[in-house]
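Have a look at the structure below, then the notes.
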Amino acid sequence: MKKHSLLFSLIVLAFACHDEKKEPITPKYVEESHSYARPNTAAITHLDLDIEANFDTKTISGSATYAIDNNVATSIVLDSKFLNITKVQADGKDTTFTLGDFDAQLGRPLIIDIAPNTNSITVFYNTTDQTEALQWLSPQQTADKTHPFLFTQGQAILTRSWIPIQDSPQIRITYNATVKVPKALMAVMSAENPKEKTADGIYTFKMKQPISPYLMALAVGDIQYKAVSHRTGVYAEPSMVDKAQAEFSDMEKMVVAAENLYGDYDWDQFDVIVLPPSFPFGGMENPRLTFATPTVIAGDKSLTSLIAHELAHSWSGNLVTNATWNDFWLNEGFTVYFEIRIMEALYGKDRANMIALIGRQDLEEEVEGFKNEPEMTKLKLDLTNKNPDDGMNSIAYDKGYLFLRTLEETVGREKFDAFLKNYFKTNAFSTVTTEGFVDYLNTNLLEPNAIEFNVDEWIYQPGIPDNQAVIVSDKFENARRTLQSFLDQKTVDVSKTQNWTTQEWVHFIRNFPESITVEDMKRLDDAFHFTNSSNSHIAMVWFEQAINHDYHDHHVDQKIEDFLIRVGRRWYVSTLYKAFKRHDKVDEALEIYHKARGNYHSVTSNTIDEMLGYN
Ligand code: BES
Ligand code: ZN
């Protein structure tokens, strides 16, 4: 380095340090109820995974070798669930281990005997037919119907069912993996990925940034890659890959917008894999490779805020991670806020506010649904002895968003953005608790600017505080007026809805009055063909209204059944089953569920089993 540039660097560094009185919110591994691991005693730091995916037996088998940070311990505890452990080694030599009692939520602790100076452990294992993270799909369940498919879902506590691991979000590991799959298929992971199939079906992966275990991910199928930009692209089955590339053509712009807001994208590559329709989520932010539902492909980019959302997790979630699942709102609330800011940067305030208002209505419904359990409407939760899934609802997402938006409007965007940018930088590659965030917020934003804000009420109290930001959309107000005039006049004037966006349609449909009649609905359906909509969000809210209001025209019942059998996205299907249940139509729901259940991933079927009392 030349002398003057060294001097320059020192000056920059001095300024940077001066600017940064902020200490990272470092975790010392806080107590947590969803993992058996005791990382303060011995923690994993790196994983070498060597596995084979066998599509005949539907099992993954192989070994997981960990480098460990050993605090002079004589045992290390991993999480496991429905795994068959065949052998364990410490520093390459066989060692003894015990599997503790099975818990339906947590699985079993795998307690491995080690020496105080042991540096590495290896676990030989295979998955079983109960493994919850994996969904093995027959060719029939894929888009192209020619090859089988496999994908994993780790969040929240399912990684332990396909890899024995310390399955706590506070853990961070780098990893290398070797994965053997049938030659006709390609394997991809939350890591540096191949762009073509190999001749021998063996793939090697490297994830050099440390990630939390819930972000370990693998997908195997007959997939192809198409680039969107030098650092973004799509994987999908051959029949889907061009559609995916076109739908997500704004991905590079999204990454640029995100970087402009809150700092560099730290993961090098941002790709999306479009999975078969049984994928239980809209999207999952696996680092470097977001997993996405095909229902996001509407043909007109109208649902791509989902991509902005998963991209935003590259900061909120993957870079700065919730310390425990009680702090889940730190992942999702920040991500919804960031998602909507990205959408605003690309498409303007109108679009952003419509997305925000759809979430606002979700929040209203969620709070109403929890009217007998108000403590579930707090941002900071206590999920001890509960499945983390119980906290994964609109409260974390949309109340979290509303809190941050209200804060932004109170302190002003400029200060808020500077604060968030520093928050991500200061806490990069570490975890944050809700309490740690509150401290950080007080110290770095509220106190220096002498701003009063009811942070504690927002975070630790149920319901929605009175100072909430008021979000308005002229387009939505117009949609409501239009609906009202159609209903008043008993005729539909299609010229009034020219150029409406998907968001306006969703708002229009969701806000039917209680008193709407089947004749009204038929008139709307005749004019707008909602029953046949190819937009999954519009179809979903329309189907919900059909169930709510006993509407049966245009073969809508058949369409609902087909949708529920084909699509496994939990948010969509649970909305529909919930509507059946609300209207005392559990028998109807069960009749469909009986045919659909085999197509669902365990996270969806577990939710619906409970909702419908299926066993
Ligand atoms: N990380 C979530 C999905 C998730 C949450 C998986 C909890 C397991 C447990 C993902 O980022 C997400 O929020 N997906 C949403 C997208 C939407 C908010 C745009 C989904 O799947 O609908
Ligand atoms: Zn999310």
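Worth pointing out:
- Under the criterion of Cα pairs below 8 Å and six or more residues apart, the relative contact order for the range 42-222 equals 24 percent.
- The simple spin-label model puts a point 7 Å past each Cα toward its Cβ; for Thr86 and Asn40 those points are separated by 3.7 nm.
- Theoretical FRET efficiency, 1/(1+(r/R0)^6), r = Cβ-Cβ of Asp69 and Gln209, R0 22 Å, to 0.05: 0.80
- Where the range 42-222 is the region considered: accessible area per residue in Å², 1.4 Å probe: 36
- Rounded if a/c under 1.5, otherwise prolate or oblate - the range 42-222, Cα gyration tensor axes: prolate
- Additional length obtainable on full extension of the chain from Asn117 to Lys195, 0.36 nm per residue less Cα span: 24.0 nm
- Take the Cβ atoms of Asn385 and Glu52, set R0 to 45 Å, and the FRET efficiency comes out at 0.80.
- Note on the chain: with charges restricted to the Cβ of Lys and Arg (+1) and Asp and Glu (-1), its dipole about the Cα centre is near 1460 debye.
- Label-point gap, in nm, between Leu590 and Arg481 - each point 7 angstrom along Cα→Cβ: 4.9
- Prolate/oblate/rounded label for the range 267-333 (Cα gyration tensor, a/c 1.5): prolate
- Above-threshold pairs, the threshold being 24 Å between Cα atoms, out of Lys145/Lys243; Lys371/Lys595; Lys58/Lys197: Lys371/Lys595
- Shape call, the range 514-612: gyration tensor on alpha carbons, a/c limit 1.5: prolate
- Calculated SAXS-style log₁₀ I(q)/I(0) at q = 0.15, 0.19 Å⁻¹ - the range 315-460, Debye, Cα scatterers: -0.77, -1.24
- Relative contact order of the range 391-491, defined on C-alpha pairs under 8 angstrom at six or more residues apart (%): 36
- For the pair Thr501 and Thr146, label points projected 7 Å from Cα toward Cβ lie 3.8 nm apart.
- If you wrap the chain in the convex hull of its Cα atoms and look at it from every side, the mean projected area works out to 29.4 nm².
- Mean residue ellipticity (222 nm) of the chain, computed from DSSP H runs ≥ 4 via -39,500 (n - 2.57), nearest 500: -11500 deg cm²/dmol
- Accessible surface of the range 514-612, 1.4 Å probe, proportion on carbon and sulfur as whole %: 47
- If the segment from Asp550 to Ala418 were pulled out straight at 0.36 nm per residue, it would be longer than the present Cα-Cα gap by 42.4 nm.
- Where the range 315-460 is the region considered: accessible area per residue in Å², 1.4 Å probe: 35
- Sulfur and carbon atoms: percent of accessible area, the range 42-222 [1.4 Å]: 47
- According to the calculation over all Cα-Cα pairs in the range 377-470, the P(r) per 5 Å bin from zero is 3, 12, 22, 25, 21, 12, 5, 1, 0 %.
- Bridge orientation summary for the chain: considering DSSP beta bridges with both residues in this region, about 75 percent are antiparallel.
- Taken per residue, the accessible surface of the range 514-612 reaches 44 Å², heavy atoms only and a 1.4 Å probe.
- Taking all C-alpha pairs of the range 417-535, those more than 23 Å from each other amount to 55 percent.
- Overall, the accessible surface of the range 315-460 at a probe of 1.4 angstrom is composed of carbon and sulfur to the extent of 45 percent.
The values are calculated or read from the model by the stated rules, or taken from the named source; none is laboratory data. Note that this is a predicted model, so its numbers are computed, not measured. Backbone-built Cβ (ideal geometry, glycine too); neighbour counts: all protein chains shown. Accessible surface areas use protein heavy atoms only, side chains included; no ligands, DNA or RNA. Shrake-Rupley method; radii C 1.70, N 1.55, O 1.52, S 1.80 Å.
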